[in-house]
């Protein structure tokens, strides 16, 4: 169990962002985390990465509690936030070196070259991040998330802003990483779920409305596409 | 970039005050001392240090890059102390070039070397501690908002009040007997400037800095944004 979430609840004031959700994921699986805007996807991810504390319930990553052992959690998680915040005045390699230094990597130069190769940043690696297009910035974010070879990857809409050619490459990369790691990714693109995910969790208004393998969900809704399933599960209460 | 401009502005204004403007000029003053340096610098620091610190946390929050830092294996303490030391280093770099003024006055003195070196060393230590206190205020102000201008304004006000506000209050008739001036930075700064490094003054500055840094930690830990 690399991620174990039990009765996780987060209140923003009186509003429940997520309401007693429970799920777990295993290594070697890519879990798609789906839901309409404002359903609580990003909130859940922020709790899992130890950025914000939950109101109640527990969450563990690789056996470490996200509140009491947050340093261990942060060491074993690679996180790409939805907004992909970057220091725009830094050079690509400089920012990767900065992250590598935080994680105290032993051979940062070699590892930086590896992730630049993996994420296809090669042609843009000598530019400042501020000069990059959105798709390339997204790759920098992804490179930062995987640079310390984490066991768990939490990717909040990793493919937003990528062009179709880049999409194929990044999905391929996520699949490869998913062979050995635990990956949770959120997305609004249902073809992407078909293309990369093994398991699917659908969340609506803070509650889990479906949690199964991709095949299981499709079998349960005979003949429907992922898109139709998503709409039928999440639109009823809106 | 901000740092270079701030250091440049600090040195330029200080140079004008010390050598060009007649009212505060060392040359017009007639005595070989750096008194006007140490009486002018706190007021320059009051504006320039908030300019350096206003960005530190406010911008991280606004741009979301704080999430980048906070989800890495770093504690909030490491982030805050890192920011604090970075800003303090800029203050130190602004102070270092002014050492040349000491040499100038030392040489201009009649006879040569007629300057109270002990007082100068004390004053530099005092000025550095004062800078440290202002940086702590600035980092704190930067943590309570994600707007840099607000952070700057609050920091300038707090610096001014902490520096001379208590002095002024203590002169109010009804408050005269309470020794309010002891809460202010100026009282302790003056005391160190005399060249006597009293542990009480040192303790004052260190606890002043600690209080503001600890408050910043509490605010960041709340994650109310």
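Derivation of every value follows stated rules applied to the coordinates shown; laboratory data play no part. Values in this document were obtained by computation on a predicted structure and should not be read as measured data. Reconstructed Cβ throughout: ideal geometry from the backbone, glycine too, with neighbour counts over all protein chains shown.
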Kindly put B:168, B:36 in sequence by how many other C-beta atoms sit within 10 Å of each C-beta, fewest to most.
B:168, B:36
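From the Cα trace of chain A, what convex hull volume per residue do you get, rounded to a whole Å³? All intermediate terms of the calculation are to be shown ahead of the outcome.
On the way: hull volume 29.4 nm³, N = 238.
Considering the Cα atoms of chain A, their hull volume per residue is 123 Å³.
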Quick calc: nm separation of the 7 Å Cα→Cβ label points for residue A:188 and residue B:153 -> 3.6
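Two-decimal Rg/Rh of region A:85-136 from alpha-carbon positions, Kirkwood Rh? Intermediate results must be reported in sequence, preceding the final value.
On the way: Rg = 10.7 Å, Rh = 11.2 Å.
Rg divided by Rh gives 0.95.
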Going 7 Å from the Cα of residue B:19 along its beta-carbon direction, which residues of region B:63-96 have the amide nitrogen within less than 20 Å of the resulting point?
B:93-96
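Counting only other chains, what is the mean number of Cβ atoms within 10 angstrom of the Cβ of each residue in peptide A:43-52?
3
Per residue Cα convex hull volume for the protein assembly as shown, in cubic angstrom?
Details: hull volume 84.9 nm³, N = 463.
Enclosed volume per residue, from the Cα hull, is 183 Å³.
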Just grab the label-to-label distance for residue B:29 and residue B:77, each label 7 Å out from Cα along the Cβ direction, in nm (one decimal).
4.2
Could you check which residue among A:104, A:128, A:16 shows the biggest mean-square fluctuation in a GNM of chain A with a 10 Å Cα cutoff?
A:104
Roughly how tilted is helix B:76-95, in degrees to the nearest 10 and between 0 and 90, from the longest Cα axis of chain B?
20
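Taking a ≥ b ≥ c as the square roots of the eigenvalues of the Cα gyration tensor of region B:68-201, is the shape rounded (a/c under 1.5), prolate (a/b larger than b/c) or oblate?
On the way: a/c = 2.41, a/b = 1.30, b/c = 1.86.
Oblate.
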Angle between the Cα long axis of helix B:35-63 and the longest principal axis of chain B, 0 to 90 degrees, nearest 10?
10
For B:14, B:169, what ranking results if the residue with the fewest other Cβ atoms within 10 Å of its Cβ goes first?
B:169, B:14
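Could you compute the FRET efficiency for residue B:3 and residue B:210, with r as their C-beta to C-beta distance and R0 at 22 Å, rounded to 0.05? Don't skip to the answer; put the middle values down first.
Details: r = 25 Å, r/R0 = 1.12.
My answer for the efficiency is 0.35.
How large is the helix-only mean residue ellipticity at 222 nm for chain A, computed as the sum of -39500 (n - 2.57) over DSSP H runs with n ≥ 4, divided by its residue count, in deg cm²/dmol to the nearest 500?
Numbers: 9 runs with 88 residues, N = 238.
Helix contribution divided over all residues of chain A: -11000 deg cm²/dmol.
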So if each residue of separation counts as 0.36 nm, and I subtract the Cα-Cα distance between residue A:168 and residue A:113, what length gain in nm does that give?
17.7 nm
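In what order do B:108, A:80, A:233, B:130 fall by count of nearby beta-carbon atoms within 10 Å, going from fewest to most? Working shown, then result.
Details: B:108 13, A:80 25, A:233 19, B:130 28.
Exposure proxy ranking, most exposed first: B:108, A:233, A:80, B:130.
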So how long is each side of region B:78-134 along the principal axes, counting just the alpha-carbon atoms, biggest first, in Å?
50, 17, 13
Whole Å is fine, so just give me how far the alpha carbon centre of region B:143-169 lies from that of region B:30-98.
14
Just how far, in whole angstrom, is region A:1-42 from region B:106-142 if you go by their alpha carbon centroids?
55
Send over the semi-axes of chain B's equivalent ellipsoid, whole angstrom and largest first, taken as the square roots of 5 times the C-alpha gyration tensor eigenvalues.
33, 21, 15
Within a 10 angstrom radius of each residue's Cβ in A:78-87, how many Cβ atoms of other chains show up on average? Whole number is fine.
4
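Given R₀ = 22 Å, what would the calculated FRET efficiency be for residue A:131 paired with residue A:71, taking r from the Cβ atoms and rounding to 0.05? It would help to have the intermediate numbers written out before the result.
Values: r = 34 Å, r/R0 = 1.54.
Efficiency, rounded to the nearest 0.05: 0.05.
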Calculated [θ] (222 nm, deg cm²/dmol) that DSSP helices of n ≥ 4 give over chain B, each run adding -39,500 (n - 2.57)
-23500 deg cm²/dmol
Cα-projected label distance for residue B:218 with residue B:194, points at 7 Å along beta-carbon direction, nm:
3.4
